[in-house]
Structures are given as C-alpha cells and as structure tokens.
Ligand code: B3K
Ligand code: ZN
C-alpha cells in the first residue's frame, strides 16, 4: 500500500458535527447504529461523493435523512463505504453495523476482556465499530446509548456526563445514555460495559466545581485502586497549580482492564487502563510499579488538555500531544518525588530506548513525515524525545516565558486540531523568540553528537571551550543542519564551587545556558580564576551524546563536587563506561581486566556520603547495563564479552568496596512498615542495590544474605529485588526461589508477569528452553499482551546474551513466535520485533543469523501491515 505523507495533508471534505451511537451489546454480534450529522466542507464535496472508512465492518442498514439509501447509490466493502449522491446541504446519515467483540483478538475497536466490553480507538480503531471519517481533524459532539443484558453488564459507561439510564420494560436488559459536550475526534471515543467493582471519590476544582471520580476494576481488587485514586487527585491539583488547567466534565472515570495493547488511553472522561498501571498494594507492587501508576495516571489525566481539548490535526503531529504530555508527567513526578532521581531515571530510559531507535534502521524524526502504519509510530522518539524537545524549549525560554507560551497555546487552540507549527508559533509570539532553527529538532532524526574541548590559559586567566555538533545520516535524511541546543553548564573551580567569569565571547550565554547554534563554536570566558573542570549538559539539557576529553581524576573530582546532581551521576557513569568498554576489549583479547581506581573511589565516596539521598546513591551504584555498553560500542557487538566485562567489573567493585556494602546494608535494615513515598522507596532501592553488589562476589555468605532477604521481605519491592539478584546471578538456588514465588502468587496475574520476566531474563544457556516450556504453562496466556510482553518481550528485549545466542536460536524463536502471534494481534507482534532494531551493530556471526530470521519473517505470506512495516524498515 502507498504510504501516508505529511506533505499530502488536505483538510477533510466533509465535517461531522454530531454523532449519536446506539450499542445493542451482544458478545458475538453487537449491533451499532451511528447517526451522523454531516455537511460538505469544500466545493469538491458538494459534488456528492462521500467516502467513510471502515475496517472489517459488516453493514446492515443505511439511511439518509431517514430514508433507506438505494443500493445503486452506495458501495460498501469491509473497509470503505462510498455514497455517490449525498445532498449539497447538511444531512443525516444512519449507519447500522454488526461487530463481533468476542472474536476481536486485535484489541482494537470493540472487544471483550475478562467478560467486559471495552473499546480502544486510537489511532484507527473507531473504523472497526462503524464507517466514519476516522481522522483526528474531524471533531464531533458524541451522545452514546448503551443497551445490554443487566446480569451480563450492570455497569454501562461512555464519554462525557451521564444523562439517563433505566430498565427496558419486559426484558432483562437495561440502558444508559452519556453525552460529551466537548467536540472530539473519533480516536477519543470510548465505551465500557460489564460487571465491575468501583471506588469513588470527589475533587473540587479551582473554580469550585465538584467532580465525581470513579475507578472501576475487577471485583475484589477495589482496595488496590486507592493509590491510583490518590495519584489522580494529586494530578488534578498539580495541573491547576502549575499550568492553570482545570477539569471540565462533572465526572472522571478510569477503568482497569487486563487485556490491553499498551499502557492506557486518554478517552475523554473515560480513561481505559492496562490494569498494571492502576492496581498497587505493598504485597503485589514494587516501588517502581507505584511510580509507574502515578506517572501513567497523571499522563492520561494531563491529556485532557494536551491531547483532548487541543488535539492533533493529523497523526504526523502525534508528538504535539505525546511529547508534551510526557514532559508534563515527568514534571509532575519530579515535583512529587526527587527531581534529580527522576531526571536520572528518565535519561536512563531515553538512552536505553530512544537512542538505539535513533541510531538504527527505525530512526525517524520526532514529527515523522511518512508512515505506512501509524501504530508503529507510538515510539520512544515521538514520546520520550518529544518530551526532551519540550524540555529544551523550556530551557531556552526560561520557566516564565515557557509558561506564557503554554498559556497562549491553550488560549489560541482550545477546541482545535493543531500542528507543531501552531505550538511553536504560540511560544514565539508570546515571547518574541525566534524558534525557526529550534524547529529542526522536530524534523531531523538521529542523536546529535557534541564534541567538547576545553583549554585554560593560566597567564591570561581565560578558558576556551570549543563545542562541535554533528548529526549522522538517518533513513531518508543524508544532509543535516546544525540545531539550536541549550547546553546547561558550570565551570567548577578548585574548591568545588562554580566559578564566576568576567565576560564571554564567541556565542550567546544566558545565565547557565550556552546556546549552541553553529556547527562549531569557540566560547572564550575571560577572568576565570583557576583551571576549571567543565560541567556540561547539566540535567541532560539536550538529548545528545557528549564526548569530552576529561581525565579520570577530573571525573572523580566532578563526582564529588558538581552542584548538579545529574552530572555527579554522569561523571561516575562515564568513568564506569570507559572501564566497561576497555574491559570488553580485554575479554575479546583474552587479557585480564583492569579496574580504574578512581571509579572505586568515586563509588565509595557517594556510598559514604550521607548528605546525598539514598535513591540517588542507588542510581550512582548501578552500572551501565549490557545494552548500554553495546550501544556505546556501536559495532561488532559481542554480548558475551560485554556480559563478562560487566561481571568482572562488578566483582572488582564489590571487592573494592568491601564490607562497606554490608555496613550500609545493615544500617538500612529493620524497616517493616511499608510506605510508597519516594524517600522510603529510596532507602529500599539503596539497600537492594547493596545486596546485589555484594552478591557479585558469589561468596556463600552473600548468597545466604540474598536468600534471607527473599525470605524476610515484607513487601514486593524487597522480595522481587532479592529474586532478581539471585536469578541475574544465575545461581543454582534460583529454581527453588522462583518456584516458591510462583506458588505464593499463583492467582495473581500481574505478579506472575514479574515471575515470567525473571525466568526469561536469566543469563544462562538453558533459558531459551525454559521460555519455550513456559509458553505451555497454565500461568501463561497466549492472547494476553501483558503475559506475552512479560515472557517473550523480556526475553527478546532484556536478555542480551540469550536472545543474541551465537547459534541464532533466540532469533529463530522470536521469528516463529511473531509469525504465529501476528495472525491474532499485529500491534503486539510488531512491538516485539523492535528487539531486532540494532541487528546491524552485532558481530558478523550473530548479524548474519539475525538477518536470516528477519528475512524469513519478511518472506511470510499474509503478514499484517504492522509487522510488514517493521520488518521492512528494519531490513532496509
Ligand atoms: N494515546 C495512547 C496511546 C495509543 C496507542 C495507540 N496504538 C496512550 C497515551 O500515550 O497516553
Ligand atoms: Zn500519551
């Protein structure tokens, strides 16, 4: 099929002003009647040809202004309804369709999950319910009537406010009518019907309006929803306080379901969530789960303004709502927790997920210009890099001007389907700042590289800093232009404080921001009192790779003194990464690894520094992952050598830090009450990190300590941390603890996902066979995306040595699995195959085997558009 291109955008020929939907719910045959008020928008439209998009639709009836449309006046296929002779003026079209929710395994459109009816319409699911102008720039007011058997679906929910409900006399059925007064695109439509439990609460908005809050879940899980409710209320308050944005309906509903293709969905007034981002209690959820629940609840809630009230003109503009909303949820979590620790975690995620995408065959701009299958563009680039671009905008403008720009954007575009141009114009117009060069961040793919070189002239008391930016070619983009990058910086003086300087030339410097705009710039700082250690890219102020010629002793100094906590963490990571890269080469050459003493000093210094928060110390003590090292190497990747180098360094660190690990561990022990707040979570994180580092020695006492930690744990965070430590060390003891964990949680699917993930990520040669065996385990279910991602997704995405087995068996397994799953759930299949994205960076033997597996998938008949698109681009 021909691709969609940004440059081909045309406004819709017809507008749909109102939509009345009637659902007669029935598992195999739900009857949907859609009544649309339509009018022509263009001269062309007045010629009378109307095309509405469908997907696997069965048409049962069609009326125009109340009269059945004659067969000669329309053509209906499962994917298109064409009317050849519609009136020039406004008219009403009534479309009756039949859909089969029970057979819908794609989980797009109307489907069943554990007996509940639910919908997922973004991006193109509404067309699986009825024929429609299923594009985000067609905004309509929806009224939804649901009718179902009372015993089957006592709860009937849709977007907006409840209007009316009641029994259907003489039957076992009942109905409910919901009305959403805010015009919205079809992708934000939702309905849910089923037998569900609920918790309720209330929120009073800043203007004094009372909003009813409800969270629905499976019966019996209500108590696990209280943290999500608390996070929702905090999100509502925060958006008022920080952005002045208030909720607009009388009711806000969240429904947790167990079969969902992604995290959650921001349908107007009726968010539908993957239950893993709603349910949390100390016995079943880790601190990371709590943080994810908080972040995703906030994200979907924040979409009410950035996404729903202001939506996207077309899917190329996806980052308009996603990048901005990720930025907003990151800021919310930073305010709720530790800003420094949150930033480190977000940058780790960006580097782990987005950098490899940007550096491989799937690279695309934050605002793509071409796509075959839009579902494949819900990517780390659109989301996480999109958020980084908004963060840079804030750094360039400063917080006050950033807020002015946001206010103008909301004022100007409330009710619009907007573009990136609209967004940037709001900031430019509100502040007078020229953002034309900055806009390149939306169109140029790839991770820029900055090379920094500094020189201090003692006699002249001047410091010269040369910054050079470059951007490698990416698919479809061979030539790149220099971008506007905010480089937050400081010049650390001999006593550890940032030094002042008298003047600077060679570029624009505002407060602590260098505006890098040229391919190469040399800044000269005059009046600098002593040789500085440059601290660049503080807080990771731009999503780039920074190469800087800095000695190990300066990095150690920076780790001890930098006023920017992010760069203290970065200094240690840089030291560690240098060691790991060298160590990998030593493994390949068969030489003994060497350890940089400055690294042990830096780690020990942070560990012993009680003025630093425990969560931060835990982050510093966690080495770059195997995947991080592979990415840093960039070519001829040998995952076994990397793993061996990392193991060797962990052993050296563990030995080097000696009994300080035990001492700090003991100091942090003895807490039995569980509180999910960030400070308590930070203490657990540090204690669990220390346990893990200690086990790097594999001494009998360290093994015993890990087993005791597992047995004595009073919450899931500690229990899972012990288990992960034992399984990652591939200790023979792992079988017994994994089985014990499974049996304890045999009825809790979300906890069993953790178990599946641990099984799949054991770095041992028998893991692939174990994964294959687990596909037949009663706790696994082939049609639930959470189970699939926990087992197969973790194996392919997080088990570097075993997925990348030299014999290619890991690749073959994923290919076989994907070919089978593709028949039922294309979106989840395509997502799994992203694990192949860095195949060209592998050493030649593995590279050839990965390529063969990819080619085998590509050659299969009847691939879904999703899978065909991913495999084709990965091989290109
Ligand atoms: N907007 C949805 C994602 C929809 C994905 C469709 N394949 C969730 C979110 O980003 O908030
Ligand atoms: Zn989103």
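The values are calculated or read from the model by the stated rules, or taken from the named source; none is laboratory data. Quantities reported herein were computed from a predicted structural model and do not represent experimental measurements. Note: ideal-geometry Cβ built from the backbone for every residue, glycine included; neighbour counts use all protein chains shown.
Checking the stated criteria, residue 59 turns out not to satisfy the condition of being more than 16 Å from ligand 2 (Cβ to nearest atom) and under 29 Å from the mean Cα position of the chain (by Cα).
Comparison of 405, 386 shows that the only residue that is within 14 Å of ligand 1 (Cβ to nearest atom), touching a helix residue (DSSP H, G or I) at 6+ places or on another chain (Cβ under 9 Å) and outside the structural domain of residue 15 (by TED's automatic domain parsing) is 386.
For region 422-460, a residue qualifies if it is exposed (fewer than 14 other Cβ atoms within 10 Å of the Cβ) and either assigned to a helix (DSSP H, G or I) or not assigned by TED's automatic domain parsing to the domain that holds residue 519 (or both), and the qualifying residues are 432, 434, 436.
In region 587-599, the qualifying residues are those that are buried (at least 17 other Cβ atoms within 10 Å of the Cβ) and part of a helix (DSSP H, G or I), and the one that is nearest to the chain's Cα centre (by Cα) is 599. Among the residues making up region 626-640, a single one is crowded, with 17+ Cβ neighbours inside 10 Å and either part of a loop (DSSP other than H, G, I, E, B) or over 30 Å from the mean Cα position of the chain (by Cα) (or both): 638.
Residue 198 - would you say it is farther than 22 Å from residue 334 by Cα, within 16 Å of ligand 1 (Cβ to nearest atom) and not in a helix (DSSP H, G or I)? Can you show your working first?
On the way: farther than 22 Å from residue 334 by Cα: yes; within 16 Å of ligand 1 (Cβ to nearest atom): no; not in a helix (DSSP H, G or I): yes.
When the stated conditions are applied, residue 198 does not pass them.
In region 142-151 there is at least one residue that is in contact (Cβ under 8 Å) with a residue 12 or more places away in the chain and over 20 Å from residue 178 (Cα atoms).
Screening 133, 107 for residues that are in contact (Cβ under 8 Å) with a residue 24 or more places away in the chain, outside the structural domain of residue 39 (by TED's automatic domain parsing) and either buried (at least 16 other Cβ atoms within 10 Å of the Cβ) or away from ligand 1 (no atom under 16 Å from the Cβ) (or both) leaves exactly one candidate, 107. All conditions in (1) within 26 Å of residue 415 (Cα to Cα); (2) buried (at least 18 other Cβ atoms within 10 Å of the Cβ) hold for residue 89, with the sole exception of (2). Residues in region 175-195 that are under 15 Å from residue 21 (Cβ atoms) and assigned to a loop (DSSP other than H, G, I, E, B): 3 in all.
Which members of region 550-586 meet the condition of being in contact with a strand residue (DSSP E or B) (Cβ under 8 Å, 6 or more places away or on another chain), in a loop (DSSP other than H, G, I, E, B) and within 18 Å of residue 451 (Cβ to Cβ)? Steps first, please.
The initial filter retains those residues of region 550-586 that are in contact with a strand residue (DSSP E or B) (Cβ under 8 Å, 6 or more places away or on another chain), namely 550, 554, 557-558, 561-564, 567.
Those left that are additionally in a loop (DSSP other than H, G, I, E, B): 550, 562-564.
If the condition is that a residue be in contact with a strand residue (DSSP E or B) (Cβ under 8 Å, 6 or more places away or on another chain), in a loop (DSSP other than H, G, I, E, B) and within 18 Å of residue 451 (Cβ to Cβ), then 550 is the only one that fits.
Residues in region 293-337 that are more than 14 Å from ligand 2 (Cβ to nearest atom) and either in contact with a helix residue (DSSP H, G or I) (Cβ under 7 Å, 6 or more places away or on another chain) or under 29 Å from residue 685 (Cα atoms) (or both): 293, 294, 316, 331, 333, 334, 335, 336, 337. Report, by residue number, each residue of region 461-482 that is buried (at least 19 other Cβ atoms within 10 Å of the Cβ) and within 25 Å of the chain's Cα centre (by Cα). Answer for region 461-482, where residues must be buried (at least 19 other Cβ atoms within 10 Å of the Cβ) and within 25 Å of the chain's Cα centre (by Cα): 471, 474. In summary, helices (runs of 4 or more DSSP H) completely within region 282-361 and bearing 3 or more residues that are within 16 Å of ligand 1 (Cβ to nearest atom) and either surrounded by fewer than 21 Cβ atoms within 10 Å (Cβ to Cβ) or modelled with pLDDT of 95 or more (or both) occur at 287-302, 318-336.
Quick one: would you say residue 654 is more than 32 Å from the chain's Cα centre (by Cα) and within 23 Å of residue 581 (Cα to Cα)? Walk me through how you get there before you give the answer.
Numbers: more than 32 Å from the chain's Cα centre (by Cα): yes; within 23 Å of residue 581 (Cα to Cα): yes.
Judged against the criteria, residue 654 is a match.
Of all residues in region 14-31, those satisfying the criterion of being out of contact with any helix residue (DSSP H, G or I) (no Cβ under 6 Å at 6 or more places or on another chain) and either surrounded by fewer than 20 Cβ atoms within 10 Å (Cβ to Cβ) or not assigned by TED's automatic domain parsing to the domain that holds residue 51 (or both) are 15, 17, 18, 20, 22, 24, 26, 29, 31.
Taken over region 723-741, residues that are touching a helix residue (DSSP H, G or I) at 6+ places or on another chain (Cβ under 7 Å) and closer than 13 Å to residue 759 by Cβ amount to 8. If only residues of region 239-281 that are more than 16 Å from ligand 1 (Cβ to nearest atom) and within 19 Å of the chain's Cα centre (by Cα) are counted, the one that is surrounded by the fewest Cβ atoms within 10 Å (Cβ to Cβ) is 258.
Checked against (1) outside any helix (DSSP H, G or I); (2) in contact with a strand residue (DSSP E or B) (Cβ under 9 Å, 6 or more places away or on another chain); (3) without any contact (Cβ under 8 Å) to a residue 60 or more places away in the chain, residue 46 passes all but condition (1). If only residues of region 239-260 that are within 21 Å of residue 184 (Cβ to Cβ) and in a loop (DSSP other than H, G, I, E, B) are counted, the one that is farthest from ligand 2 (Cβ to nearest atom) is 250. Within region 1-33, the residues that satisfy the criterion of being under 26 Å from residue 866 (Cβ atoms) and part of a strand (DSSP E or B) are 4, 5, 30, 32.
Of the residues making up region 362-375, those that are surrounded by 21 or more Cβ atoms within 10 Å (Cβ to Cβ) and either away from ligand 2 (no atom under 16 Å from the Cβ) or outside any helix (DSSP H, G or I) (or both) are 362, 363, 364, 365, 366, 367, 368, 373.
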